[in-house]
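Comments concern the structure below.
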Amino acid sequence: MKRVKLTVAYDGTNYCGWQLQPNGVTIEEVLNKALTELLKEPVAVIGASRTDSGVHSLGNVAVFDTENRMPADKICFALNQRLPEDVRVQSSEEVPARWHPRKQNCVKTYEYRILNRKINVPTLRLYTHFCYFELDEGKMREAAAYLVGEHDFRSFCTLRKQDEDTVRTVYSLTVDRTPDDVITIRISGSGFLYNMVRIIAGTLMKVGMGMCAPEEMPAILAARDRQAAGPTAPAKGLTLVGMEYEKELRPEIRGSNEDWEYVLDQSQAAELGNAYLTVERCREEYLYSLLSRVIHQASRNGAARVFVADRQGWLAAGQSYGRYVLETAEGPDNAPWRLVARDTFSSAGNP
């Protein structure tokens, strides 16, 4: 048995998104069918990004397991002969058996394209959102700058469940206009919430029309209310450009905004299984989600023990944060990390 990674490009116009649906053809369905026919065994792919209906991709990632002896790097060529013209596998390669496309640290990049002119261009109609009203890309660029960094993006998503963690990190967000009047919003981040990129695009368009000032973006973030942001832009303008997976674990992760500041030291995670989290400051209402999220990230990155230091003195042994409970750390060498997080899920004997 081997695990094979696929990089998949597709025109999403004629598909009901990536994920299997009972009422329409999806990218996942097409891949499963073609792979099953090619490899002569049942195949079910696991996708990295479950794009919506009408969204396009230049580099979505999926994996599947197979006992077929066909070389992994040759599968893409044979598979493309069985796929429709609007779906193409760009590459295929063997990866470790436990490699999972949604459980690896990566940077996702999306582009949202807006055709901003008086008359639409038919050849661009499937891949851009047409906007008749003149947009000020300079104002849009100013507004975009406020969204870079680690923030609670609850105002910029469609919630699937009320207790969903809505904190994400945006590494870059640019707005550029080409000579043929296509405005491209390009965003890279650690991950995105449901409809997040399209809502950001809709909000930036609202700024570009003069209906909202760039300086209002911090207030929209702080509202943590979907109604505070702009509309959800149509799907056809959105393209998943690609996913860049982390080859080496970052030794340090910092998160800082007006609501919290922390440092996660992972430099000993691989060798000793230790990570050190220092919470410099955090508003009380964000403390639970911050501890749950960052401790889990360190654990997923290989840390068996996450030592915690709290500059504000709010943390104590016995407190629970998600699946983790804080315990007193043994030994004086752990100061100021006097607490250590224990994974109650693993310690209970669950897989």
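The values are calculated or read from the model by the stated rules, or taken from the named source; none is laboratory data. In this text, all values refer to a predicted model and were calculated from it rather than measured experimentally. Note that we place each Cβ from the backbone using ideal geometry, even for glycine, and neighbour counts take in every protein chain shown.
Of the residues that make up region 181-202, is at least one more than 18 Å from Leu221 (Cα to Cα) and among the acidic types (Asp, Glu)?
Yes.
Within the set of pairs 6 or more residues apart or between chains, which connect a residue that is closer than 10 Å to Arg113 by Cα inside region 179-200 to a residue that is among the acidic types (Asp, Glu) with Cβ atoms less than 7 Å apart?
Correct list of pairs: Ile183/Glu137; Thr184/Glu111; Thr184/Asp176; Ile185/Glu111; Arg186/Glu111.
Filter the strands (runs of 3 or more DSSP E) completely within region 229-321 down to those with at least 1 residues that are free of Cβ contacts under 8 Å to residues at least 12 places away in the same chain. Talk me through it step by step, then tell me what you get.
On the way: elements: 238-245, 252-256, 260-265, 274-282, 305-310.
Counting at least 1 such residues, we get 252-256.
All but one of (1) surrounded by 15 or more Cβ atoms within 10 Å (Cβ to Cβ); (2) assigned to a loop (DSSP other than H, G, I, E, B); (3) without any contact (Cβ under 8 Å) to a residue 12 or more places away in the chain hold for Glu29; which doesn't?
Of everything listed in (1) surrounded by 15 or more Cβ atoms within 10 Å (Cβ to Cβ); (2) assigned to a loop (DSSP other than H, G, I, E, B); (3) without any contact (Cβ under 8 Å) to a residue 12 or more places away in the chain, Glu29 misses just condition (2).
So that you can scan it fast, the table gives a plain yes or no per residue for (1) more than 24 Å from Ala219 (Cβ to Cβ); (2) surrounded by fewer than 19 Cβ atoms within 10 Å (Cβ to Cβ):
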| site | (1), (2) |
| --- | --- |
| Arg98 | yes, yes |
| Arg102 | yes, yes |
| Lys108 | yes, no |
| Asn116 | yes, no |
| Phe130 | yes, yes |
| Leu135 | no, no |
| Gly149 | no, yes |
| Arg160 | yes, yes |
| Asp165 | no, yes |
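Test of understanding: among Tyr171, Tyr110, Tyr146, which residue is under 21 Å from the mean Cα position of the chain (by Cα) and either over 30 Å from Ala62 (Cα atoms) or small (Gly, Ala, Ser) (or both)? I'd like the intermediate steps shown before the answer.
Details: Tyr171 fails: either over 30 Å from Ala62 (Cα atoms) or small (Gly, Ala, Ser) (or both); Tyr110 fails: either over 30 Å from Ala62 (Cα atoms) or small (Gly, Ala, Ser) (or both).
None of the other options fit; the residue is Tyr146.
Just to be sure, is Asp73 closer than 30 Å to Met209 by Cβ, acidic (Asp, Glu) and either in the same structural domain as Ser49 (by TED's automatic domain parsing) or in contact (Cβ under 8 Å) with a residue 60 or more places away in the chain (or both)?
Values: closer than 30 Å to Met209 by Cβ: no; acidic (Asp, Glu): yes; either in the same structural domain as Ser49 (by TED's automatic domain parsing) or in contact (Cβ under 8 Å) with a residue 60 or more places away in the chain (or both): yes.
For Asp73, the condition - closer than 30 Å to Met209 by Cβ, acidic (Asp, Glu) and either in the same structural domain as Ser49 (by TED's automatic domain parsing) or in contact (Cβ under 8 Å) with a residue 60 or more places away in the chain (or both) - is not met.
Taking region 68-111 as the region of interest, how many residues are in contact with a strand residue (DSSP E or B) (Cβ under 8 Å, 6 or more places away or on another chain), part of a loop (DSSP other than H, G, I, E, B), farther than 24 Å from Arg250 by Cα and charged (D, E, K, R)?
Final tally of qualifying residues: 1.
Pick out the one residue from Asp259, Asp181 that is of a type in the set (Asp, Glu) and modelled with pLDDT under 95. If you could, list the steps in order and put the result at the bottom.
Working: Asp181 fails: modelled with pLDDT under 95.
Checking each option against the conditions leaves just Asp259.
Just wondering, is there one or more residues in region 152-166 that are part of a strand (DSSP E or B) and touching a helix residue (DSSP H, G or I) at 6+ places or on another chain (Cβ under 6 Å)?
Of the residues in region 152-166, the ones part of a strand (DSSP E or B) are 152.
Keeping just the survivors that are touching a helix residue (DSSP H, G or I) at 6+ places or on another chain (Cβ under 6 Å) gives none.
No: region 152-166 contains no residue that is part of a strand (DSSP E or B) and touching a helix residue (DSSP H, G or I) at 6+ places or on another chain (Cβ under 6 Å).
Name the residue that is nearest to Tyr288 (Cα to Cα), counting only residues in region 263-277 that are touching a Lys or Arg at 6+ places or on another chain (Cβ under 9 Å) and buried (at least 22 other Cβ atoms within 10 Å of the Cβ). Spell out how you get there, then give the answer.
Going through region 263-277, the residues touching a Lys or Arg at 6+ places or on another chain (Cβ under 9 Å) turn out to be 263-264, 266, 272-275.
Next cut, buried (at least 22 other Cβ atoms within 10 Å of the Cβ) only: 264, 275.
Values: Leu264: 16, Ala275: 19 Å.
It comes out as Leu264.
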